[in-house]
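One structure below.
Please treat every number below as a calculation from the coordinates, not as lab data. Predicted, not measured: the structure shown is a model, and the values here were computed from it. Cβ coordinates were reconstructed from backbone atoms using ideal geometry, including for glycine residues, and neighbour counts include every protein chain displayed.
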Amino acid sequence: MVDLPLVFRVRQQFQDPRIDNIATEAEQQLARLNLGETIKPGQSVAITAGSRGIANIPVIIKAIVDHVKQLQGEPFIVPAMGSHGGGKAEGQRHILESYGITEDFCGCPIRATMETVIVCDATEGFPVHFDKYASEADHVIVCGRVKPHTNFVGDIESGLMKMMLIGLGKHNGARIYHRAIQDHSFGQIVRSVAREVLAKCRIAAGLAIVENGLDETALLEAVAPENFEEREKELLVKAKDWIPKLPFPTADVLLIDEIGKNISGSGLDTNVVGRKFLDHQAAENEYPKVKQICVRGLTEKTHGNAAGIGLAEFCRSRVIREMDTYATRTNCLTGGHATGAMPPLDYETDREMLEHAYQVVGLVDPEESRLLWIHNTLEVTELECSAAYWEQAKEADNLEILSDPRPMPVGDDGNLPDDFLLASETETVGTS
């Protein structure tokens, strides 16, 4: 039996700008745009809601609904999530409801469909698709989080612009756009389609969300349609500064409790684990550099969509059993990342999984290895580190050491507790 390394817990210190009153800030931001000059009493307004697990998203969507009601408009919510939910309308509605975005809470209808209308042809020659219900509305308000994309690099990545093509394009549009990205650049396709949508689809406003490294709402900003492109570039700079990070640049093993579409479009955020350009290793100038990724489970809110599991080398067998193969393959194929759905080597217990992972980390003995253990890639404020990091952690001014090194809590069944990283450490031995 392999001797697993001792581990200790640390707490990272991130930049943490935070909005305390979400609803008030959203209302004040929207009020700046004087939307009453655009939205007239009785006019319908479609409000986008995506598939990501964004902090405070039900409150943010409800605030937009309430603002439209103040203008005497008629709001409704449309799922804007490409092929997620198995590429089915009811699946997409279910995702929204699982986040608390319900008709009762938000006070307006949810209108889910996979039908689209073709707005026009893009300059590159492919059709531009747009959600049928949104196309029938008098106005559309786009709500989305601005953050680094998990596969593409540019001055515009994930945000309001992407929501207008992948989100509102539904499965039909997402499939075509991702194919187009194989022949053109991501930036070109995003700009090409978004400009057509802005010109032809009655976009009234956007509400951009940026989160801090603690997975909290750091910034809300209402953006006029004509400013989407330039302002999103500026907000992306902030998002990249605030994104959560692992505390060390290299690891032999990264152990992850859960992955899921509510965590990241790629299940596990490639910006955090260092797999943005290559599935199974970091690119030359990319960090962190992780040799082996081990995944313990799927989030409940991913509803079996295990997209991104192909970036891991090892997983628990329960991940394979819980995976909705159809939804996972549909999502990965639509996104142009077929390997993201390919299952890794799986083992019934955590101990088996780790013992096999240690066979392919090189000459280092397991007990001397550099192991990091996180709950998911959104929640990396507190994590467990193997004893090999102890001296480095003591010297880091952004880390607080919360426990002494102690054995990994592997039970008699060979498994780690699923809630171990969610429990507070009571023993504090000092700070670095």
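Table for the structure above
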item: Computed label-point distance, nm, for sites E90 and Q188 using a 7 Å Cα→Cβ extension; result: 4.2
item: Pairwise Cα inverse-distance average, inverted: Kirkwood Rh of region 348-432 (Å); result: 14.3
item: FRET efficiency, 1/(1 + (r/R0)^6) with R0 45 Å, evaluated for A199 and T24 via beta carbons; result: 0.85
item: Value of [θ]222 nm, deg cm²/dmol, for the chain, DSSP H segments ≥ 4, -39500 (n - 2.57) each, nearest 500; result: -8000 deg cm²/dmol
item: Positive-end residue, the chain charge dipole about Cα centroid, Cβ charges, pick of Q15, G340, A208; result: A208
item: Estimated dipole of region 34-124 in Debye, rounded to 20 [Cβ of Lys and Arg +1, of Asp and Glu -1, Cα centre]; result: 180
item: C-alpha long axis of helix 228-242 to longest principal axis of the chain, angle in °; result: 20
item: Out-of-range pairs (alpha-carbon distance over 23 Å; input K62/K200; K170/K301; K200/K261); result: K62/K200; K200/K261
item: Degrees between helix 89-98 axis and first principal axis of the chain (Cα, 0 to 90, nearest 10); result: 60
item: Per DSSP, loop trypsin sites (Lys or Arg not before Pro) in region 172-274 with at most 14 further Cβ within 10 Å; result: none
item: Cα long-axis angle, helix 325-334 against the chain (0 to 90 degrees, to the nearest 10); result: 60
item: Distance histogram for region 121-171 (every C-alpha pair counted, 10 angstrom bins, percent rounded to whole numbers); result: 22, 46, 30, 2
item: For I77, net neighbour charge (Lys/Arg +1, Asp/Glu -1) across residues whose Cβ lies under 9 Å away; result: 0
item: Candidate lysines - alpha carbon under 16 Å from K291, same-chain residues fewer than 8 apart omitted; result: K276
item: Summed residue charge, Cβ within 14 Å of A387's Cβ, Lys/Arg positive, Asp/Glu negative; result: -4
item: Simple Cβ-charge dipole of the chain, Lys/Arg +1 and Asp/Glu -1, about Cα centre, in debye nearest 20; result: 1660
item: Nitroxide proxy distance, nm - points 7 Å out along Cα→Cβ at E391 and L345; result: 3.1
item: Loop GluC sites (Glu not before Pro), region 40-120 (other Cβ atoms within 10 Å of the site Cβ: 16 or fewer; DSSP); result: E115
item: Length gained when the stretch K69-R318 is fully extended (0.36 nm per residue, less Cα-Cα span); result: 85.1 nm
item: Cα shape, region 32-242, gyration tensor, a/c 1.5 rule; result: rounded
item: Calculated mean projected area of the Cα convex hull in nm² (choose from (i) 37.8; (ii) 20.1; (iii) 23.4), label; result: (ii)
item: Taking the chain and dividing mean pair separation by its residue count, relative contact order in percent (alpha carbons under 8 Å, at least six apart); result: 20
item: Part-to-part distance (alpha-carbon centres) for region 114-144 and region 188-215, which is given in Å; result: 13
